[in-house]
Amino acid sequence: MTQINSKIPEGPLAEKWTNYKDHQKLVNPANKRHLDIIVVGTGLAGASAAASLGELGFNVLNFCIQDSPRRAHSIAAQGGINAAKNYQNDGDSVYRLFYDTIKGGDYRAREANVYRLAEISNDIIDLSVAQGVPFAREYGGLLDNRSFGGAQVSRTFYARGQTGQQLLVGAYSALSRAIHKGQVKMYTRREMLDLIVIDGRARGIIVRNLVTGKIERYAAHAVVVATGGYGNTYFLSTNAMSSNGSAAWQCYKKGAYFANPCMTQIHPTCIPVQGEFQSKLTLMSESLRNDGRIWVPKKKEDAEAIRAGKLKPTDIKEEDRDYYLERRYPAYGNLVPRDVASRAAKERCDAGYGVGPTGYAVYLDFSDAIKRLGKSVIEEKYGNLFQMYKKIMNEDPYETPMMIYPAIHYTMGGIWVDYELMTSIPGLFAIGEANFSDHGANRLGASALMQGLADGYFILPYTMQNYLADQIQVPRFDTNRPEFDEAEKGIEERISKLMHINGKHSVDYFHKKLGHIMWEYVGMSRSAEGLKFALKEIKALKKEFWTDVRIPGTEETVNPELEKALRLADFFEIGELIALDALHREESCGGHFRSEYQTPDGEALRNDEEFSFVSCWEYQGEDKEPILHKEPLNYQFVVPQQRNYKS
Amino acid sequence: MDKNINIKLRIWRQKGPKEKGAFETYELKNVYQGSSFLEMLDMLNDQLVSEGKEPVAFDHDCREGICGMCSLYVNGHPHGPDEEITTCQLYMRKFNDGDTITIEPWRSAGFPVVKDLMVDRSAFDKIIQAGGYISVNTGGTPDANTIPIPKDNAEAAMDAAACIGCGACVAACKNGSAMLFVAAKVSHLALLPQGRIEAAKRAKAMVAKMDELGFGNCTNTGACEVECPKNISITNIARLNREFLKAKFKD
């Protein structure tokens, strides 16, 4: 088995990053202009990386799938961003943020990476404020904070319920400035369809122009993939419609290891599924759990009466409500981490206490908070979320509790990267949700924004130079090289094959079926039997797709059906790898829950002796089982424990 | 209670930027009123695919009202007949059984049609690139609490910063003016001490770019404010005018 080298610097935890920066190689300003860097994606990670690398003097080519870099799905993050500022004097520190994140991730993340993330968190807040991000403030003019799951301090900075939007607009404005100065060239409505590897190094990409349908070639000295997660494998998720795993998947097929694919996050507070044409699930921010209390009826007959429409939630007396999170986890109550809250909701609904027309919903109730703080305070804190809920559900959450249920939200797994955020292909880097690095088996709330921006603003601009320092003599690559010809030919064949199937069903028909398999058997609770069944089903469905999908129109113009088909073709394969990894990981940890491995009271039962490693999957070719490499997680600074949110 | 309804759709179809477009009519049965407007269009497209016809192209992405991608002109209103929403947050319960719904793209000289209901809004990016930022590089910034900001100013800046860049203001304006969009950005940054320093220069650069890109003039009809999904107020336009005049006086 190949030795996995994560390149973690030597030395005490708190000094690793400083030591790294002190001794890494740099590229001098005159040489930076001769080096081209491709950045794919313009979310928090991609935009911040493109802007920062451009400012340093590199020649950056930045690509995005939407019509503007400002629309990447980071924009939908609601609740906030963590940082260890300790402005609230409530005992926070870099170490505590590190520790909470490691523990929240159920001891499946790298210590060194997470510590660096916590260290950098404060710089992100400083930079964002300087960019004009209008974070919430106290009357004295200083910054306000709130609490998120998995923490006992208030360290989350926020801009109403639109923190992701405001941080992305900050990064987008930095990017716009870099474009104006000629440091970054922007390519919109382009989708990456392949990675070009020349002599073992990443040297370019192939994209499809989504307006003209033309296949385009771009070369560079290094490639950065910042294309987000693969949550849409499940069809229904909180991801945007165009969020996909294809760019990451092409990297995997070219030799980049894919790490911990089974580690998917299910967010506990989403608006429940309503009908068969539902296209996505809307998140209700975790911040709502600061003031909202989660409950279901204590008596089954009450739950049944509610489902039948005979009782309203407000009819249920206080003593007949089961605030099950407060009951099971007194120390953290409604603010337990996401995986714990999600499983607890599923447990109650499976046991027959769920509400809503389908019985798969629980209440998130603000009546106590409204009584305590007044409606206007709640409105100021969560007004836009309440409005959003009302538009979708046609019910007023100021008057009646919200109905929520868990949904796929984020993927902790992703392209394997070392400490420098470089993948197993030299010259190919992966940042943000697209990589696997910092969240272990479960991400804490308000940590995705932190990680995306840490990677893009403060880590990659350093670590990339360590790689590029010996590339300064390498001339620009010609896009007429055979590697480009071959990749383009492959893509054209794939597109042509899809266009000529001329079957009976739309792309969504197959995607919904895949989503159903994934959610039922590879979702919140998994078992060996279910996973084996899912693997069989996905293979069969994939075959059906390749013989019976129908894509009208042509490939030479805007063709959303073709775009979806190309993505879905990869989702089948990603789904298989998620299931395979889940089957292989015979333990429960974080978002990965195997029903065979649980404690007597239903908590996740980790197996540190056998599974304290990162699964790194290496592609072997179509329909061949990939090879599993293991990167051991040697905890040197904290002692892994069973997570306890009870006391 | 939400039920299923039957509707007729009049949809603008246009093959490309240079082609001539026209309305086409479709019938759609059993549309659940709890579905979003875009899910209704998904249904239509599913039906079109099964008939071997080309589906309707429209922009959409997050489907929760924040990315600013969706851009449909529904029954004469940008984003349709509801308040404080983007098209993806419009629900079919706003329509009745038997209704005919007319769907068009944003229509403005600044936003040429790409295909069917998709338009090219890259002009907005160009306006931001002209100066819609604070000139700071990554790194070397002071501690975030160094400069206190009055809560009211921070809140007002946030009100303006809530703009999602969808372009409904331009689509609503009879002059095709982008003033509300520009004003929102100028206000957001001018209200913060960090952004004050470049306020005049920013206003001038952004207005010049807006004019160059073929957007019309503002005649204070207020239509933009009414249709804005994020409730951006036209008082921001007054602030933009002040910043712009100040800059001009200095010249």
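Just rank A:Thr554, B:Thr86, fewest to most, by other beta-carbon atoms within 10 angstrom.
By the 10 Å Cβ count, ascending, the order reads A:Thr554, B:Thr86.
Could you please report the charge total around A:Gly427, scoring K, R as +1 and D, E as -1 over all other residues with beta-carbon less than 9 angstrom from its beta-carbon? Charge balance in the 9 Å sphere: +2. Past 25 Å, Cα to Cα, is the threshold; run A:Lys254/A:Lys543; A:Lys543/A:Lys630; A:Lys390/B:Lys53 against it and keep the listed order. Among A:Lys254/A:Lys543; A:Lys543/A:Lys630; A:Lys390/B:Lys53, the Cα-Cα distance tops 25 Å for A:Lys543/A:Lys630; A:Lys390/B:Lys53. Computed over chain A, relative contact order equals 21 percent, with contacts defined as Cα pairs under 8 Å that lie 6+ residues apart.
Cα centroids of the range A:357-417 and the range B:85-139: 27 Å apart.
In what sequence do A:Leu628, A:Leu453, A:Leu97, A:Leu281 fall when counting other Cβ within 10 Å, fewest first? All intermediate terms of the calculation are to be shown ahead of the outcome.
Working: A:Leu628 15, A:Leu453 33, A:Leu97 28, A:Leu281 24.
In order of increasing Cβ crowding within 10 Å: A:Leu628, A:Leu281, A:Leu97, A:Leu453.
Counting only trypsin sites (Lys or Arg not before Pro) that DSSP places in a loop and that have at most 16 other Cβ atoms within 10 Å, the longest clean stretch of chain B runs over B:175-251. Taking Cβ atoms as reference points and 12 Å as the exclusive limit, the residues near A:Ala454 contribute a net charge of -3, counting Lys and Arg as +1 and Asp and Glu as -1. Over all other residues within a Cβ to Cβ distance under 13 Å of A:Glu347, the charged ones net out to 0, with Lys and Arg as +1 and Asp and Glu as -1.
Residues within the reach of a label modelled at A:Glu347 (point 7 angstrom out along Cα to beta-carbon, backbone nitrogen below 19 Å), restricted to the range A:586-602, are A:587-602.
Placing R0 at 35 angstrom, the Cβ-Cβ distance between A:Lys497 and A:Lys532 gives a FRET efficiency of 0.75 after rounding to 0.05.
With the cut-off at 1.5 for a/c, could you classify the protein assembly as shown from its C-alpha gyration tensor as rounded, prolate or oblate? Rounded, because the longest to shortest axis ratio a/c is under 1.5. Each label point was placed 7 Å from the Cα along the Cα-to-Cβ direction; for A:Asn209 and A:Glu380 their separation is 5.2 nm. Taking each residue as 0.36 nm, the span from A:Glu15 to A:Glu216 lengthens on full extension beyond its C-alpha to C-alpha distance by 68.0 nm.
By other beta-carbon atoms within 10 Å, ranking A:Glu603, A:Glu304 with the fewest at the front produces A:Glu304, A:Glu603. On the principal axes of its alpha carbon atoms, chain B extends 61, 41, 36 Å, with the longest extent given first. The simple Förster model, with R0 at 25 Å and r as the Cβ-Cβ distance, assigns A:Leu628 and A:Lys539 a FRET efficiency of 0.85. The mean sequence separation of alpha-carbon pairs under 8 Å and at least six residues apart, normalised by the residue count of chain B, gives a relative contact order of 19 percent.
Please enumerate, by chain and number, the aspartates and glutamates with C-alpha under 16 Å from the C-alpha of B:Lys94, excluding those fewer than 8 residues away in the same chain. Reachable aspartates and glutamates: A:Glu395, B:Asp2, B:Glu39, B:Asp82, B:Glu83, B:Glu84.
Stretching A:Glu555 away from A:Asp368 to a fully extended chain increases their span by 61.7 nm, per 0.36 nm per residue minus the current alpha-carbon distance. From the Cα gyration tensor of the range A:1-150, with a ≥ b ≥ c the square roots of its eigenvalues, which class applies: rounded if a/c is under 1.5, or else prolate if a/b is larger than b/c, or else oblate? Oblate shape, in that a/c is at least 1.5 and b/c is the bigger or equal ratio. As a length-normalised measure over Cα pairs under 8 Å and 6 or more apart, the relative contact order of the range B:4-115 settles at 34 percent.
Given a Förster distance of 51 angstrom, what is the FRET efficiency for A:Thr547 paired with A:Asp396, based on the Cβ-Cβ distance and rounded to 0.05? With R0 = 51 Å, the Cβ-Cβ based efficiency is 0.55. Extension gain, A:His516 to A:Gln620: 0.36 nm times the residue separation minus the Cα-Cα distance gives 34.7 nm. Express in whole angstrom the spacing between the alpha-carbon centres of the range A:137-177 and the range A:589-647. Taking the Cα centre of the range A:589-647 as reference, the centre of the range A:137-177 is 32 Å away. Summarising the label geometry, the points placed 7 Å from Cα in the beta-carbon direction at B:Glu155 and B:Asn241 lie 2.6 nm from one another.
Which shape class applies to the range A:268-407: rounded if a/c is under 1.5, otherwise prolate when a/b exceeds b/c and oblate if not, where a ≥ b ≥ c are the square roots of the Cα gyration tensor eigenvalues? In terms of gyration-tensor shape, rounded. The helix-only estimate of mean residue ellipticity at 222 nm for the protein assembly as shown, built from DSSP H runs of length n ≥ 4 each weighted as -39500 (n - 2.57), is -11000 deg cm²/dmol after division by the residue total.
Debye-formula intensities of the range A:134-238, expressed as log10 I(q)/I(0) at q = 0.15 Å⁻¹, are -0.95 (one equal scatterer per alpha-carbon, no solvent). Reported to the nearest whole Å, the Cα centre-to-centre distance from the range A:227-243 to the range A:36-112 is 18.
Any read-out appearing in this document is the output of simple, stated calculations on the displayed coordinates, not a laboratory observation. The structure displayed is predicted, hence computed values, not measured ones. Note: ideal-geometry Cβ built from the backbone for every residue, glycine included; neighbour counts use all protein chains shown.
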